[in-house]
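The structure appears below as C-alpha cells.
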Amino acid sequence: MLAWKRGIAILTAGQVKVTPDPRVRLVNGHTLQIRDAVPSDGGDYICQIATFEPREITHHVEILSKEIHILSICTCCFPTLFPFLSFHVPNFI
C-alpha cells in the first residue's frame, strides 16, 4: 500500500483520500496533486510504501509563485517498485 504524509498528517492511504482538504487528490493511484497551491503548502511530503521493509522518500516542496494552479508530486521515488515510472522532480503544471 502506498501512502502520502505531510508531517504526522496522513493525506492518502492506498486509493483513499484521508485529508479533508478538498484541494488534495490522488492521480493515477500514485501521484499526489494539490490544486491552487499556496506558499503555506510548501514543506516535506513523504511518499511511503508498505513492503516487507517499509520504504519512503521525502519530497521537499517550495512554492515560489502565487500562480501555481496544480502541484503534482509523483511516486517515481520508487523505481525498483514501480519500474514503469521514471524519476523526476515535482512537476509544476
Residue within segment 51-64 that is closer than 18 Å to M1 by Cα, open to solvent by less than 90 Å² (accessible area, probe 1.4 Å), modelled with pLDDT of 70 or more and outside any strand (DSSP E or B) present: yes
Subset of segment 36-53 (residues that are of a type in the set (D, E) and under 24 Å from G14 (Cβ atoms)): D41, D44, E53
Tally of residues being open to solvent by 20 Å² or more (accessible area, probe 1.4 Å), at negative phi and not basic (K, R) across segment 32-41: 3
Single residue of segment 14-26 satisfying the filter (open to solvent by 30 Å² or more (accessible area, probe 1.4 Å) and either in a strand (DSSP E or B) or among the hydroxyl-bearing types (S, T, Y) (or both)) that is nearest to C47 (Cα to Cα): L26
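For segment 18-55, which residues satisfy the criterion of being touching a strand residue (DSSP E or B) at 6+ places or on another chain (Cβ under 7 Å) and of a type in the set (V, I, T)?
Correct list: V18, T19, V24, V27, T31, I34, I46, I49.
Would you call Q48 open to solvent by 20 Å² or more (accessible area, probe 1.4 Å) and in contact with a Gly (Cβ under 7 Å, 6 or more places away or on another chain)?
In short, no.
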Test: residue in segment 20-29 that is of a type in the set (S, T, N, Q), on the phi > 0 side of the Ramachandran plot and modelled with pLDDT under 90: yes
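The values are calculated or read from the model by the stated rules, or taken from the named source; none is laboratory data. Given the structure is predicted, the values throughout are model-derived calculations rather than measurements. For neighbour counting, all protein chains shown are included, and Cβ atoms are generated from backbone atoms with ideal geometry for every residue, glycine included. Note: areas computed on protein heavy atoms with side chains; ligands, DNA, RNA excluded. Shrake-Rupley method; radii C 1.70, N 1.55, O 1.52, S 1.80 Å.
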